[in-house]
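Notes follow the structure.
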Amino acid sequence: MPFLRQGKDVLYLGFSSGLSGTYHNGAMAAEELQEEFPEAKVITVDTLCASMGQGLLVDLAVQEKRKGKDIEAVRDFVRETIPHLCHWFTVDDLMFLFRGGRVSRTSAWAGTMLNIKPVLHVDSKGALVPMEKVRGRKKSIKALVDHMEKTAIEPASQTVFITHGDCIEDVELLKSEIAERLGVTDFVVNYVDPVIGAHSGPGTLALFFVGTEK
C-alpha cells in the first residue's frame, strides 16, 4: 500500500495456485487495492512456481525491469517465461512425503527399506508430480542433472538456482555435476524455506533453471 500511495505500480508474482491458495488471496487483495487506488496499476500473475523457482522468476523479472521495460512488458515476459521455469527435486526421507499426503505409508516404508529416492517436479499446472524412482542418493542427484541436460536452454549462460534442506555436501556434488556436464558457472544457493521444508524434510535438494518445457 505505501508504494501505491507513492504513485508506483505493483506487479504481484504469486506462489503457485496448484500448491497453495496464496495467489487467490493476493488477487482478491489486488482487486480491493485497485478500487482504492484507481489511478495505479495493480497486476497479478499466478507464477505456477514454488520455492526458488519463484525466486528465479522474480530475479529474471527484475532484470527486465532494469532494462527499462514498463509493468505490462515485464508482466508479458513473466507469462512467457513461466512455461519454461523448470523445477526438479529429490528428498532423502520418504516419511516426510507420507506425512504430507504425497505418498502412502506402505510406499514410504518400502522405499525407505530399499533406499529408494523419488525424483519430482512441478508441472505445467503448478502441481507437484512424482516422475521417477531411483535407488540411492547419488543416483537421484544424477537424475536431476539428466533432466536438466534434456531441456535446459543454453545452460552455460544461465544462473542456476538450488535449494537444500541442510545438505550442503550434496549441493556441492550437484553443482560439480552440472558444471562438468553443462558448463554452468553461476549458481545461487539457499536453504529450503520452513514451510516447504516441513513437507519435504532434511536432505531435500531442488534444482531450478530455464528450459524448453517444464
With unit charges on the beta carbon (Lys/Arg positive, Asp/Glu negative), name the residue among Ile196, Val134, Leu207 whose Cα is farthest towards the positive pole of the charge dipole of the chain.
-> Val134
Whose amide H sits under 5 Å from the amide H of Tyr12, counting only residues 5 or more places off or on another chain, with H placed in the peptide plane?
-> Ile43, Thr44, Val45
Residues whose modelled amide H sits under 5 Å from the amide H of Asp92, counting only those 5 or more places away in sequence or on another chain, are Thr204
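Provide His121, His84, His24 ordered by accessible surface of protein heavy atoms (probe 1.4 Å), highest first. Don't skip to the answer; put the middle values down first.
Working: His121 20, His84 60, His24 100 Å².
Descending order: His24, His84, His121.
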Pairs of lysine residues in the chain - Cα separation under 13 Å, sequence separation of 8 or more or cross-chain = 11
Determine the calculated [θ] at 222 nm for the chain from helices alone, applying -39500 (n - 2.57) to every DSSP H run no shorter than 4 residues and normalising by the residue count; nearest 500 deg cm²/dmol.
-> -14000 deg cm²/dmol
Asp186 to Arg79: FRET efficiency via 1/(1 + (r/R0)^6), r the Cβ-Cβ distance, R0 30 Å, to the nearest 0.05?
-> 0.75
Here the longest stretch of the chain that holds no GluC sites (Glu not before Pro) in a DSSP loop having at most 16 other beta carbon atoms within 10 Å is 40-212
Reduced to Cα centres, the span from the stretch 4-56 to the stretch 145-185 in Å works out to 30 Å
Which value, in Å² rounded to 10, gives the accessible area of Leu4 with a 1.4 Å probe and all protein chains present?
-> 10 Å²
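What does the charge dipole of the stretch 1-61 about its Cα centre add up to, to the nearest 20 debye, if the Cβ of each Lys and Arg holds +1 and the Cβ of each Asp and Glu holds -1? Before the final figure, lay out the partial values.
Numbers: 3 positive and 8 negative charges, 37 e Å.
In debye, rounded to 20, the stretch 1-61 gives about 180.
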With every protein chain in place, what's the accessible area of Ser140 (1.4 Å probe, Å², nearest 10)?
-> 0 Å²
Antiparallel DSSP beta bridges within the chain, percent to nearest 5 | 65 percent
Largest first, how would Lys214, Lys175, Lys150 line up by accessible area (1.4 Å probe)?
-> Lys150, Lys175, Lys214
If you put +1 on each Lys and Arg Cβ and -1 on each Asp and Glu Cβ, how big is the dipole of the stretch 32-72 around its Cα centre, in Debye rounded to 20?
-> 380 debye
Excluding ligands and nucleic acids, what accessible area in Å² is computed for Phe3 using a 1.4 Å probe, to the nearest 10?
-> 120 Å²
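The values are calculated or read from the model by the stated rules, or taken from the named source; none is laboratory data. Keep in mind it's a predicted model, so treat the numbers as computed, not measured. All Cβ positions, even for glycine, are placed from backbone atoms using ideal geometry, and neighbour counts span all protein chains on display. With ligands, DNA and RNA removed, areas are computed over all heavy atoms of the protein, side chains included. Shrake-Rupley method; radii C 1.70, N 1.55, O 1.52, S 1.80 Å.
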